[in-house]
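The values are calculated or read from the model by the stated rules, or taken from the named source; none is laboratory data. Only a predicted model underlies this, so the values are computations on that prediction, with no experimental measurement involved. Glycine also receives a Cβ, built like all others from the backbone with ideal geometry; neighbour counts cover every protein chain displayed. SASA here: full protein model, heavy atoms, side chains in, ligands and nucleic acids out. Shrake-Rupley method; radii C 1.70, N 1.55, O 1.52, S 1.80 Å.
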Amino acid sequence: MAESRATATWTRRHLLGLGGLRSGELRALLTATRTYAEQGGRSDDRPLEGRTVTNLFFEDSTRTRASFTLAARRLGADVIEFSSVGSSLSKGETPADMARVIESMGVDALVIRDKWAGSPACLARAVSCSVINAGDGSHEHPTQGILDLYTLAEDKGRLDGFDLSGLRVAIVGDLASSRVARSDAWGLNLLGAEVVLVGPKLLVPDSYRGFGGGCEVARDFDAVLPTLDAVIMLRIQFERGSGAALGTAREYRSAYGLTEDRAALMKDEAVVMHPGPMNRGVEIDGSVADGERSLVLRQVAVGVSARMAVLSACTGAARLS
Ligand code: NCD
């Protein structure tokens, strides 16, 4: 059951994941997201004026990287950008050494994306500034979780208190590789939603039952669809080895793709989400991704506000309550 709004506060320096947060902490970040979203993803003041945010993106990214950069700039911060190519990582420097070097120039927050699960937690032990996880291996992607929760709450009229109880949400597809799914599952459970993880055993092992405080596991997508209020579709992450032994893209689509025919089984008011990038014609049909139920572009827009909220909260630039 959600805590009362009065206990919604944030006092942490880092955001490494949604797993382990109290619901009040999560709701404090969502409430701050609302403040920025209501200003169209902008800020009336510049709480990070004179501060510096560094993006360390050691894995490819389009929307997450761009929205962290926009978020930091809209709060008034200076932003520096690094990737593994073109930095001293290619000369053998460790990410922790690199982070300490950057921090010594007077940086207030490090935003890190890495293929290794746990690397933001390692950096957080190496530096004293804020560390924000922008996706680590298949572990967590907490700011995507926050923007997904906000987008869903907004659509369902649950912005007041962010109580998602009574809503049934499926996360479908490559859960084994998905850091987004883990953050979403923790967050949805924390806010009281019913969560069902859907996919073949290779991508959704039976052991995922109970994850995040109470997820169900289901194999038959068609049977689950009419019971849902929202469905979050995931990409097959071929670059992490998923896809081997799954059969062809056509076979996968016929069992687990959100095709136009399948979308017709959903409740009238049920919505479709996807963190992107999408493989159109595999896990989701283009017509569904672009259709009336789709919140895909709203998710991207909310991402800037969610990252503004997290940067303000973790650097202490804004007191959240
Ligand atoms: C995801 C990621 O990189 O974790 N995308 C994102 O950040 N919005 C999902 C994916 O790559 O499939």
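Can you name every residue in the range 97-116 that is at negative phi and assigned to a loop (DSSP other than H, G, I, E, B)? Let's see the steps before the verdict.
Here is the first cut: in the range 97-116, the residues at negative phi are 97-105, 107-116.
Listed by number, the residues that qualify are Ser104, Met105, Val107, Asp108, Lys115, Trp116.
Number of residues in the range 81-125 that are within 25 Å of Glu49 (Cα to Cα), aliphatic (A, V, I, L, M) and either open to solvent by less than 60 Å² (accessible area, probe 1.4 Å) or touching a His at 6+ places or on another chain (Cβ under 7 Å) (or both): the value is 10.
Which fully enclosed strands (runs of 3 or more DSSP E) of the range 190-290 have 3 or more residues being open to solvent by less than 20 Å² (accessible area, probe 1.4 Å) and closer than 25 Å to His141 by Cα? Give the derivation first.
Numbers: elements: 194-198, 216-218, 230-233, 271-273.
Counting at least 3 such residues, we get 194-198, 230-233, 271-273.
Summed over the range 50-64, the residues that are out of contact with any Ser or Thr (no Cβ under 8 Å at 6 or more places or on another chain), part of a helix (DSSP H, G or I) and open to solvent by less than 60 Å² (accessible area, probe 1.4 Å) give a count of 0.
The single residue among Gly161, Gly212, Gly192, Gly199 that is under 17 Å from Ala309 (Cα atoms) and touching a residue at least 12 places away in the same chain (Cβ under 8 Å) turns out to be Gly161. Residues in the range 24-46 that are outside any helix (DSSP H, G or I) and either without any contact (Cβ under 8 Å) to a residue 40 or more places away in the chain or surrounded by fewer than 18 Cβ atoms within 10 Å (Cβ to Cβ) (or both): Glu38, Gln39, Gly40, Arg42, Asp44, Asp45, Arg46. Which one is farthest from the ligand (Cβ to nearest atom) among residues in the range 34-73 that are under 17 Å from Gly303 (Cα atoms) and in contact with a Gly (Cβ under 7 Å, 6 or more places away or on another chain)? Per the criteria, the residue is Ser67. Taking the criterion of being in a helix (DSSP H, G or I) and either more than 22 Å from Thr35 (Cα to Cα) or in contact with a Cys (Cβ under 7 Å, 6 or more places away or on another chain) (or both), the residues of the range 119-168 that qualify are Ser119, Pro120, Ala121, Cys122, Leu123, Ala124, Arg125, Ala126. Reported count of residues in the range 159-189, each being within 13 Å of the ligand (Cβ to nearest atom), open to solvent by 10 Å² or more (accessible area, probe 1.4 Å) and among the hydrophobic types (A, V, I, L, M, F, W, C), is 2. Do you know which residues across the range 66-96 are part of a helix (DSSP H, G or I) and either among the polar types (S, T, N, Q) or modelled with pLDDT of 95 or more (or both)? Within the range 66-96, Ala66, Ser67, Phe68, Thr69, Leu70, Ala71, Ala72, Arg73, Arg74, Ser88, Ser90 meet the criteria.
Within the span defined as the range 6-21, one or more residues are among the polar types (S, T, N, Q) and outside any loop (DSSP other than H, G, I, E, B).
Counting the residues of the range 103-144 that are within 21 Å of Ala313 (Cα to Cα) and more than 16 Å from the ligand (Cβ to nearest atom) gives 17. Residue count for the range 229-257 under the criterion of being in contact with an Asp or Glu (Cβ under 8 Å, 6 or more places away or on another chain) and not small (Gly, Ala, Ser): the result is 10.
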